[in-house]
Amino acid sequence: MAQDHSCPARSGKFNSSIGFILAAVGSAVGMGNIWLFPYRMTQCGGGAFLIPYFIFVALFSYCGLSGEFALGRLTGTGTMGSFDYALKSRGKRGGKLIGVMPLLGVLGIAIGYSVVVGWGLRYTAGAISGSVLSGDAQSFFDGLAVSFGSIPWHLIAIGLTVVILVFGISAGIEKISKFMMPAFFILFLIIAVRVAFLPGASEGYKFLLLPDFSKLLEPMTWVYAMGQAFFSLSINGAGMLIYGSYMKKSEDIIHHSVITALLDSLAALLASFAIIPAVFAFGISLDRGPSLMFVTLPQVFQQMPGGRIFAILFFVSVFFAGITSLMNMLEACSAALEKNARFPRWTSILIVGVVVFGVSVFLESLAGMGSWMDLITIYVAPFGAVLAAVFIYWVLGLDPIRKELMLGRDKPIGRAFDFLSKYIYVPISAIVVILGIAYGGIG
């Protein structure tokens with residue numbers, strides 16, 4: 001039986017429901033909410049894009065997030081131990097080796113992501129000093145996003161993340177998430193309210209709120225909505241799974257998954273309502289990716305009354321979103337190292353931090369970071385997510401997962417859960433990989 005192969009839990013738990021939720025939201029909310037979601041809305045029919053997006057968010061949170069949280073809490077360990085647990089329930093071995101794949105994806109994302117977090121820290125400092133807004137926005141970014149152009153900021157970002165993680169689950173991850181994530185939402189709300197009073201912002205609201213339903217007839221609208229929902233929720237077979245292993249048995253996993261997805265979506269919508277009307281107000285063309293955040297928006301702040309203050313608020317919130325995501329990635333990898341190499345927690349975290357910086361320092365150019373992230377997010381990380389889905393719902397099976405999901409829950413799980421998880425979610429996660437490769441990335 002599966003319960004005969006339980007894994008010893010890594011020490012430390014989240015102390016509270018809100019602490020767990022905000023840590024999970026911190027993992028989910030990241031650059032994709034800020035630099036890609038607003039662009040997708042403008043590209044795919046404005047408000048009409050939200051229809052397929054929320055359909056996929058509902059599916060991925062109900063089956064994907066819940067499944068990863070449940071497997072982590074059931075086994076009390078990370079990806080390698082969880083995959084080993086699942087295979088041993090079938091009388092087979094080799095799960096730890098297979099479990100390396102999702103970890104490689106998360107480590108790869110952390111390597112590229114740390115560069116962007118370093119840029120965010122540099123822009124925060126530049127917004128405070130005023131240097132970001134004093135000259136040409138493109139030139140400022142071009143001078144930073146070059147080979148070895150951001151070493152001190154990049155190093156500080158990784159070092160800060162390492163220090164937070166050394167403090168542990170409740171005193172580190174939970175405490176920082178409880179501060180940074182509410183601050184993120186408050187700061188973005190302040191920016192969105194300020195933008196609402198800009199002359200010409202109404203055109204941006206019209207673009208956002210007046211849906212072009214004809215876009216729903218275009219397959220790519222659904223493809224991009226699926227990719228955006230999938231990647232935004234940090235479904236990767238490692239990060240959310242390790243956070244699940246730190247969840248108390250009294251917590252309602254499905255409830256927490258839904259709240260995490262709703263807050264992640266709220267972050268994306270807040271970003272859209274702050275960015276798109278501002279861009280329309282000043283007649284600047286909307287771009288995507290790093291250019292939107294580091295070139296387009298500084299141009300907006302340069303022209304906005306009180307722009308320096310709002311630039312500070314914006315880049316501080318971006319930095320908070322980046323750090324909380326990076327914390328999750330490094331925690332997943334260091335937990336695997338601690339468990340399987342028997343290193344102390346601080347040693348495992350330090351080793352992962354050194355590896356991340358040692359590789360990413362050679363990727364500080366925009367071209368280097370972009371090529372690396374394309375490789376990881378198109379070919380490696382999504383495959384890890386599919387592996388996790390298969391291991392949860394096909395290898396381990398629905399019975400142990402349903403039993404884990406019922407812990408801390410009053411209402412029974414809906415009858416549709418089994419079918420949606422095994423026959424809809426798992427195939428769609430595989431489709432995400434296929435379409436991502438076919439289209440060169442969809443999220």
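Give the lysines reachable from Lys178 as a straight Cα distance under 17 Å; neighbours fewer than 8 places away on the same chain don't count.
Here the lysines satisfying the reach criterion relative to Lys178 are Lys13.
Cα gyration tensor of region 308-374, axes a ≥ b ≥ c as square roots of the eigenvalues: rounded (a/c below 1.5), prolate (a/b > b/c) or oblate?
oblate
How many percent of all Cα-Cα pairs in region 171-316 sit more than 17 Å apart?
On the way: 7454 of 10585 pairs.
So the portion of pairs separated by more than 17 Å is 70 percent.
Calculate, for region 218-319, the solvent-accessible area per residue in square angstrom, rolling a 1.4 angstrom probe over the heavy atoms of the protein chains. Write out the running numbers ahead of the final one.
On the way: 2880 Å² over 102 residues.
Accessible surface, normalised per residue, equals 28 Å².
Which order, highest average first, do 308-318, 246-256 follow once you tally other Cβ atoms within 10 Å for each residue and take the mean per peptide?
Ranked from most to least packed, the peptides come out as 308-318, 246-256.
Report the net charge of residues surrounding Ile186, where surrounding means a beta-carbon distance below 15 angstrom and charges are Lys +1, Arg +1, Asp -1, Glu -1.
Around Ile186, the surrounding residues sum to +2.
How much net charge surrounds Ser17 when only the other residues with a Cβ under 14 Å from the Cβ of Ser17 are counted, with Lys and Arg +1 and Asp and Glu -1?
+3
In whole Å, what are the extents of the chain along the principal axes defined by its C-alpha atoms, from largest to smallest?
Principal extents (largest minus smallest coordinate, Cα): 65, 49, 39 Å.
Holding the Cα-Cα limit at 31 Å, pick out from Lys88/Lys249; Lys175/Lys206; Lys215/Lys411 the pairs that are longer than that.
Lys175/Lys206; Lys215/Lys411
Of the options Trp372, Ile351, Ala311, report the single residue whose Cα projects farthest towards the positive end of the charge dipole of region 301-394 (beta-carbon charges: Lys, Arg +1; Asp, Glu -1).
Ile351
Between region 42-89 and region 331-378, how many Å separate their Cα centres?
Here the answer is 22 Å between Cα centres.
Calculate the dipole size of the chain relative to its Cα centre from +1 charges on Lys and Arg beta carbons and -1 charges on Asp and Glu beta carbons; express the result in debye to the nearest 20.
About 1080 debye.
Can you tell me which aspartates and glutamates have their Cα less than 13 Å from the Cα of Lys92? Leave out same-chain residues fewer than eight positions away.
Output for Lys92: Asp84.
Out of Leu366, Leu71, Leu209, any idea which swings most in a Gaussian network model of the chain, alpha carbons joined below 10 Å?
It is Leu209.
For the pair Tyr379 and Val193, how long in nm is the line joining their label points, each one 7 Å along Cα→Cβ?
In this crude spin-label approximation the distance works out to 4.8 nm.
When the chain is treated as a GNM, springs tying every alpha-carbon pair under 10 Å, which of Tyr243, Tyr423, Tyr205 comes out with the largest mean-square fluctuation?
So, out of Tyr243, Tyr423, Tyr205, the one fluctuating most is Tyr423.
Within 10 Å, count the other beta carbons around each residue, average over each peptide in 61-67, 156-162, and list them highest first.
Averaged packing, sorted descending, gives the order 61-67, 156-162.
Could you work out how far helix 253-281 tilts from the main Cα principal axis of the chain, as a 0 to 90 degree angle to the nearest 10?
Once rounded, the angle reads 10 degrees.
Tell me which of Leu326, His255, Ala274 sits at the most positive position along the dipole axis of region 241-344, charges placed on C-beta atoms (Lys, Arg +1; Asp, Glu -1).
Leu326
To the nearest 20 debye, what is the magnitude of the charge dipole of region 47-96 about its Cα centre, counting +1 on the Cβ of each Lys and Arg and -1 on the Cβ of each Asp and Glu?
Magnitude of the dipole: close to 360 debye.
Helix 79-88 against the longest principal axis of the chain: what's the angle in degrees, Cα atoms only, rounded to the nearest 10?
The two axes meet at around 30 degrees.
Going Cα to Cα from Lys422, which aspartates and glutamates come in below 17 Å? Please leave out same-chain ones fewer than 8 positions away.
Of all the aspartates and glutamates, those that pass the test against Lys422 - Cα under 17 Å, at least 8 places apart if same chain - are Glu68, Asp399, Glu404.
To the nearest 20 Debye, how big is the dipole of region 218-338 about its Cα centre, given +1 on the beta carbon of each Lys and Arg and -1 on that of each Asp and Glu?
240
Suppose only helical runs count, i.e. DSSP H with n ≥ 4. What mean residue ellipticity at 222 nm does that imply for the chain under -39500 (n - 2.57) per run, divided by all residues and rounded to the nearest 500 deg cm²/dmol?
Counting only the DSSP helices, I get -21500 deg cm²/dmol.
Going out from 0 in 5 Å bins, what whole percent of all Cα-Cα distances in region 142-199 drops into each bin?
Binned Cα distances yield the sequence 4, 15, 13, 13, 14, 17, 15, 7, 2, 0.
In region 291-443, if every C-alpha pair distance is counted and binned at 10 Å from zero, what percent goes to each bin?
Bins of 10 Å from zero give 9, 21, 29, 26, 13, 2 percent of pairs.
Working from Cα positions, state the angle (0 to 90°, nearest 10) between the long axis of helix 151-166 and the longest principal axis of the chain.
40
Cut-off 10 angstrom, C-alpha nodes, Gaussian network model of the chain. Which of Leu375, Leu22, Leu330 fluctuates the most?
Ranking Leu375, Leu22, Leu330 by mean-square fluctuation puts Leu375 first.
The values are calculated or read from the model by the stated rules, or taken from the named source; none is laboratory data. A quick note: this is a predicted structure, and the numbers were derived from the prediction, not measured. Don't worry about glycine lacking a Cβ; one is built from the backbone with ideal geometry, like all the others, and counts go over all protein chains shown. Ligands, DNA and RNA are excluded from the accessible area calculation, which covers all protein heavy atoms including side chains. Shrake-Rupley method; radii C 1.70, N 1.55, O 1.52, S 1.80 Å.
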